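Trainee: Below are the structure tokens for one structure; questions will follow.
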Amino acid sequence: MDTETLTNLIEKMLSFGERETVGFCWHGGEPLLAGIDYYEKIVSLQNKLNTEGKKIRNSIQTNGTLINKNWADFFVKNNFSVGISLDGPKNIQNANRPSASGNESFNLVMMGLKLIQE
């Protein structure tokens, strides 16, 4: 999503109704591929455009394979709720959700989950 579209989306969500809390859920494909800079821009725009002081909640749904310390720190710092898609035990996860390179994904997901839990 380009900056103009993102700005319009955030403005519309913040102006919608009399709600005190506005939630944003980032998902689809693998949202972490957009990079931390993209989500830092989102948080910055949300803060800039939130002229009424509404509470903003961000959540993200990821396969967890790209989570590293930088991502984990970002999620904590910006109070993101994180959902990690896991299909089941190692054999099921690896069969249903191979990595982009075709390799097993279970161990990557578990490492990302561990970082989030810490």
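Trainee: Only residues that are open to solvent by 30 Å² or more (accessible area, probe 1.4 Å), touching a Phe, Trp or Tyr at 6+ places or on another chain (Cβ under 7 Å) and farther than 21 Å from Cys25 by Cβ: list them for the stretch 73-101, please.
Mentor: Hit for the stretch 73-101 is Lys90, nothing else.
Trainee: Out of all the residues in the stretch 2-32, which are aliphatic (A, V, I, L, M) and in contact with a Leu (Cβ under 7 Å, 6 or more places away or on another chain)?
Mentor: Listed by number, the residues that qualify are Leu6, Ile10, Leu14, Val22, Leu32.
Trainee: Would you mind telling me which numbered condition in (1) open to solvent by 70 Å² or more (accessible area, probe 1.4 Å); (2) closer than 18 Å to Gly28 by Cα Asn70 fails?
Mentor: Going through (1) open to solvent by 70 Å² or more (accessible area, probe 1.4 Å); (2) closer than 18 Å to Gly28 by Cα one by one, Asn70 breaks only (2).
Trainee: Something else: Quick test for you: out of Lys48, Lys55, Lys41, pick the one residue that is touching a strand residue (DSSP E or B) at 6+ places or on another chain (Cβ under 9 Å) and over 15 Å from Val82 (Cβ atoms).
Mentor: Exactly one residue qualifies, and that residue is Lys55.
Condition check ((1) part of a helix (DSSP H, G or I); (2) at pLDDT 95 or above; (3) under 17 Å from the mean Cα position of the chain (by Cα)) across all residues:
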{"residue": "Thr7", "(1), (2), (3)": "yes, yes, no"}
{"residue": "Gly17", "(1), (2), (3)": "no, no, no"}
{"residue": "Tyr38", "(1), (2), (3)": "yes, yes, yes"}
{"residue": "Leu45", "(1), (2), (3)": "yes, yes, yes"}
{"residue": "Ile60", "(1), (2), (3)": "no, yes, yes"}
{"residue": "Gly64", "(1), (2), (3)": "no, no, yes"}
{"residue": "Phe75", "(1), (2), (3)": "yes, yes, yes"}
{"residue": "Asn91", "(1), (2), (3)": "yes, yes, no"}
{"residue": "Ala100", "(1), (2), (3)": "no, no, no"}
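The values are calculated or read from the model by the stated rules, or taken from the named source; none is laboratory data. Because the structure is a prediction, the values reported are computed rather than measured. With ideal geometry, Cβ positions are generated from the backbone for all residues, glycine too; neighbour counts draw on all protein chains shown. What goes into the accessible areas is simple: the full protein's heavy atoms, side chains included, and nothing from ligands, DNA or RNA. Shrake-Rupley method; radii C 1.70, N 1.55, O 1.52, S 1.80 Å.
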